[in-house]
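A.B. asks: Below are the structure tokens for one structure; questions will follow.
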Amino acid sequence: MQLPVLNDTPSPAEHGAKGGCSASSCGTTENQMDTLPDSIREKVQNHPCYSEDAHHYFARMHVAVAPACNIQCHYCNRKYDCANESRPGVVSELLTPDQAVKKTMAVAATIPQMTVLGIAGPGDPLANPERTFETFRRLSEEAPDIKLCVSTNGLALPDAVEELSKHNIDHVTITINTVDPEIGAKIYPWIFWKNKRIKGVKGAKILIEQQQKGLEMLIAKGILVKVNSVMIPGVNDEHLAEVSRVVKSKGAFLHNVMPLIAEAEHGTFYGVMGQRGPTPDELQDLQDSCSGDMNMMRHCRQCRADAVGLLGEDRGDEFTLDKIEEMDIDYQAAMEKRKVIHQAIQEEMDSKRLEKAAKAEQHKQEPKLTTRPVLMAVATSGQGVINVHFGHAKEFLIYEASPEGVRFISHRKADQYCGGDSTCGDGESVLQLTIRALAGCEVVLCSKVGYEPWEMLEAAGIAPNGEHAMEPIGEAVMAVYKEMAAAGKLDAIPEALRANA
Amino acid sequence: MAVSIIDLCVNCFACEPVCPSNAISEQKPHFMVDPKKCTECEGDFPVFQCASICPIEGAILDSFGTAINPPGSLTGIPPEKMAEAMAELQSH
């Protein structure tokens, strides 16, 4: 059985040049989820990780119950644990299944928009089958209104499919960085397989076979599969379009290409050996080149294995073990409340989707611009509106405005991966770091901007804009784009380029 | 004749279920091998199971006190490269 995948019937626009409109979610109208079959859309419409739209409204959490791993990846260091770090594989406290269940229910009762519980490590969830499945089993009984997800490197996946299908789990994420064992050997130094540590190409080959087999088995069971890939320049970057084609043909419904995070202080192989991560441009180009083949996910925050809250925020501190111990949770009452809130959010999302569609229809009727695309950064804390002060933004969402409409490109962290000492590293201020993170953007939209950052942004060629506070992101970005066009700030695309677009 | 786990252990649980003799248990501050139970996998496997899944170089020693996974053997990071990176970090 093969699940229908987005972009199965590519529109002519999808073959456009980069910088134009190459994704199915182009235009201010089409949400990537609108083109999904109803059965899948129903499953993902309130899943913040799977739906770009939903991630503005719904929250997720990870519980760190799975410490053991059965492989080594060159971007991972099993020794690392830092409260200031936000990246996969990092956690502060390991939980037993019982503690995880308590924590999940405490969060679900306190943050009713939390819809999804994932197990993502800090090791491999399926290399800890007892702890992982005990957590899932109890949650599907005690908190049936929570969606359960798991992510895995795939090595132990074929043996786990049967058990996964028994619980309330309808989404599995497999990290597949390659389908070529030679490339695999440059990413995975070893695997533990059948009572032996197997190194190099031989180990990578087994891992790849298990991943592909597990993927096929999940699809056959009707479980949705998302594929994560880490983009490692010079290692698998040119190969990931092939990975996208392969996993799509087998029925994965979403591909998430993430940038490598590698710093010497993380103590990882790539970090210490000076392997660089991709630039935002390189990542966007790759995502665009894969998107002709497959629905791409661009809003992933690469969160910690114990993250709590909306994507991009972490409220883990409110739910430490000693704090949840003191909470008295009436989950039946909480479920009632959650249901009402979820319905209200759904209604709001539906009405916004209709509004967006109407706006886009209107946009289509207007004379088409011939101006070049522009990247804009937006400060938001959710609800799909511009509602964060520039200085308070921990991250920015990057949108591209073009004559085709507005599309979401990525998010960028304001202060990169460290939330610690503001002057660590090479002595740049947080403000300087933030401005550097916005490279390539010509406008930043936020609810307010202070005097000092205003001047620095202008000096860096980024126009600060606080005129669209509380407005929907797509509309505001398009309005600013049109103003820029009207003011003659956007050179027309040369005729030759347009012919290829 | 027994292996031992030393304080480099990061408590990842990986070794505990693969031990054929149930010699490994969760202890504070880190997992420990019961030397009375450890058989060094003799009769069960040709290689130490705990040391074959352990991700941390130097965390498990053989009965002579030698690291079964010496520096660089698991991560592929040459020890001098690691030392360089750590020295660089400490100078900040």
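A.B. asks: If A:Asn256 satisfies all but one of (1) touching a strand residue (DSSP E or B) at 6+ places or on another chain (Cβ under 8 Å); (2) away from every other protein chain (no Cβ under 14 Å); (3) at pLDDT 90 or above, what's the number of the condition it fails?
C.D. replies: Only one criterion is unmet by A:Asn256, namely (3).
A.B. asks: Taking region A:267-285, which residues are of a type outside the set (Val, Ile, Thr), in a helix (DSSP H, G or I) and within 10 Å of chain B (Cβ to nearest Cβ)?
C.D. replies: A:Phe269, A:Tyr270, A:Gly271 - these are the residues of region A:267-285 that are of a type outside the set (Val, Ile, Thr), in a helix (DSSP H, G or I) and within 10 Å of chain B (Cβ to nearest Cβ).
A.B. asks: Within the set of pairs 6 or more residues apart or between chains, which connect a residue that is assigned to a loop (DSSP other than H, G, I, E, B) inside region A:367-385 to a residue that is of a type outside the set (Phe, Trp, Tyr) and surrounded by fewer than 17 Cβ atoms within 10 Å (Cβ to Cβ) with Cβ atoms less than 7 Å apart?
C.D. replies: Listed pairs, sorted by first residue: A:Thr370/A:Ala492; A:Thr370/A:Arg498; A:Arg372/A:Asp491.
A.B. asks: Of everything in region A:131-154 that's surrounded by fewer than 18 Cβ atoms within 10 Å (Cβ to Cβ) and of a type outside the set (Lys, Arg), which residue is nearest to A:Gly214 (Cα to Cα)?
C.D. replies: Here the answer is A:Glu134.
A.B. asks: What pairs can you find where one residue is in region B:79-90 and at the interface with chain A (Cβ under 8 Å from one of its Cβ atoms), the other is in a helix (DSSP H, G or I), and their Cβ atoms are less than 6 Å apart, with a gap of 6+ or different chains?
C.D. replies: B:Lys81/A:Val272; B:Met82/A:Val272; B:Ala85/A:Ala264; B:Ala85/A:Val272; B:Leu89/A:Glu265
A.B. asks: Follow-up question, since we're still on this one. State which residue is modelled with the highest pLDDT when the search covers only region A:56-86 and only residues that are of a type outside the set (A, V, I, L, M) and not in a loop (DSSP other than H, G, I, E, B). Break it down into steps so the answer makes sense when it comes.
C.D. replies: Residues of region A:56-86 that are of a type outside the set (A, V, I, L, M), as a first pass: A:56-58, A:60, A:62, A:67, A:69-70, A:72-82, A:84-86.
Retained after the next criterion (residues that are not in a loop (DSSP other than H, G, I, E, B)): A:56, A:60, A:62, A:72, A:85.
Values: A:His56: 79, A:Arg60: 84, A:His62: 88, A:Gln72: 95, A:Glu85: 52.
Among residues in region A:56-86 that are of a type outside the set (A, V, I, L, M) and not in a loop (DSSP other than H, G, I, E, B), the one modelled with the highest pLDDT is A:Gln72.
A.B. asks: Shifting gears a bit: For region A:386-398, how many residues are in contact with a strand residue (DSSP E or B) (Cβ under 8 Å, 6 or more places away or on another chain) and part of a loop (DSSP other than H, G, I, E, B)? Show your work before the answer.
C.D. replies: Kept after step one, since they are in contact with a strand residue (DSSP E or B) (Cβ under 8 Å, 6 or more places away or on another chain), are these residues of region A:386-398: A:386, A:390, A:394-398.
With the extra rule that they be part of a loop (DSSP other than H, G, I, E, B), the set shrinks to A:386, A:394.
Of the residues in that region, 2 qualify.
A.B. asks: Right, something else. From the set of residues in region B:43-56 that are assigned to a loop (DSSP other than H, G, I, E, B) and free of Cβ contacts under 8 Å to residues at least 40 places away in the same chain, which is surrounded by the most Cβ atoms within 10 Å (Cβ to Cβ)? Please lay out each step first, then the result.
C.D. replies: In the first step, residues of region B:43-56 are kept if they are assigned to a loop (DSSP other than H, G, I, E, B); the result is B:43-48, B:54-56.
Filter once more, keeping what is free of Cβ contacts under 8 Å to residues at least 40 places away in the same chain: B:43-47.
Working: B:Gly43: 8, B:Asp44: 12, B:Phe45: 15, B:Pro46: 8, B:Val47: 13.
Checking each candidate, the answer is B:Phe45.
A.B. asks: Right, another one. Considering only residues that are in contact with a Pro (Cβ under 6 Å, 6 or more places away or on another chain), within 14 Å of chain A (Cβ to nearest Cβ) and in contact (Cβ under 8 Å) with a residue 24 or more places away in the chain, which ones fall in region B:1-23?
C.D. replies: Residue satisfying the conditions is B:Cys12 alone.
A.B. asks: Sticking with this one: A:Arg338 - would you say it is buried (at least 17 other Cβ atoms within 10 Å of the Cβ) and of a type in the set (D, E, K, R)?
C.D. replies: Judged against the criteria, A:Arg338 is a match.
A.B. asks: Among the residues of region A:195-238, count how many are buried (at least 19 other Cβ atoms within 10 Å of the Cβ), farther than 21 Å from A:Lys43 by Cβ and basic (Lys, Arg).
C.D. replies: The number of residues fulfilling the criteria is 1.
A.B. asks: More than 14 Å from every other protein chain (Cβ to nearest Cβ), hydrophobic (A, V, I, L, M, F, W, C), surrounded by fewer than 19 Cβ atoms within 10 Å (Cβ to Cβ) and without any contact (Cβ under 8 Å) to a residue 60 or more places away in the chain: is that true of A:Ala241 in this structure? Let's see the steps before the verdict.
C.D. replies: Numbers: more than 14 Å from every other protein chain (Cβ to nearest Cβ): yes; hydrophobic (A, V, I, L, M, F, W, C): yes; surrounded by fewer than 19 Cβ atoms within 10 Å (Cβ to Cβ): yes; without any contact (Cβ under 8 Å) to a residue 60 or more places away in the chain: yes.
In short, yes.
A.B. asks: Since B:Glu26 meets every condition but one in (1) surrounded by 12 or more Cβ atoms within 10 Å (Cβ to Cβ); (2) within 11 Å of chain A (Cβ to nearest Cβ); (3) of a type outside the set (S, T, N, Q), which condition does it not meet?
C.D. replies: Of everything listed in (1) surrounded by 12 or more Cβ atoms within 10 Å (Cβ to Cβ); (2) within 11 Å of chain A (Cβ to nearest Cβ); (3) of a type outside the set (S, T, N, Q), B:Glu26 misses just condition (1).
Yes or no, residue by residue, for (1) more than 20 Å from A:Thr132 (Cα to Cα); (2) part of a strand (DSSP E or B); (3) of a type in the set (A, V, I, L, M, F, W, C):
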{"position": "A:Val161", "(1), (2), (3)": "no, no, yes"}
{"position": "A:Ile183", "(1), (2), (3)": "yes, no, yes"}
{"position": "A:Tyr188", "(1), (2), (3)": "yes, no, no"}
{"position": "A:Gly214", "(1), (2), (3)": "no, no, no"}
{"position": "A:Met217", "(1), (2), (3)": "no, no, yes"}
{"position": "A:Val230", "(1), (2), (3)": "yes, yes, yes"}
{"position": "A:Glu242", "(1), (2), (3)": "yes, no, no"}
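A.B. asks: State yes or no: is B:Ile60 touching a helix residue (DSSP H, G or I) at 6+ places or on another chain (Cβ under 6 Å) and in contact (Cβ under 8 Å) with a residue 60 or more places away in the chain? Walk me through how you get there before you give the answer.
C.D. replies: Details: touching a helix residue (DSSP H, G or I) at 6+ places or on another chain (Cβ under 6 Å): yes; in contact (Cβ under 8 Å) with a residue 60 or more places away in the chain: no.
Spelling it out, it is not the case that B:Ile60 is touching a helix residue (DSSP H, G or I) at 6+ places or on another chain (Cβ under 6 Å) and in contact (Cβ under 8 Å) with a residue 60 or more places away in the chain.
A.B. asks: Of all residues in region B:34-47, how many are within 13 Å of chain A (Cβ to nearest Cβ) and more than 11 Å from B:Ala23 (Cβ to Cβ)?
C.D. replies: Here the count works out to 4.
The values are calculated or read from the model by the stated rules, or taken from the named source; none is laboratory data. If you're wondering where the values come from, they're calculated on a predicted model, not measured in any experiment. In this analysis, Cβ positions are derived from the backbone assuming ideal geometry, glycine residues included, and neighbour counts consider all displayed protein chains.
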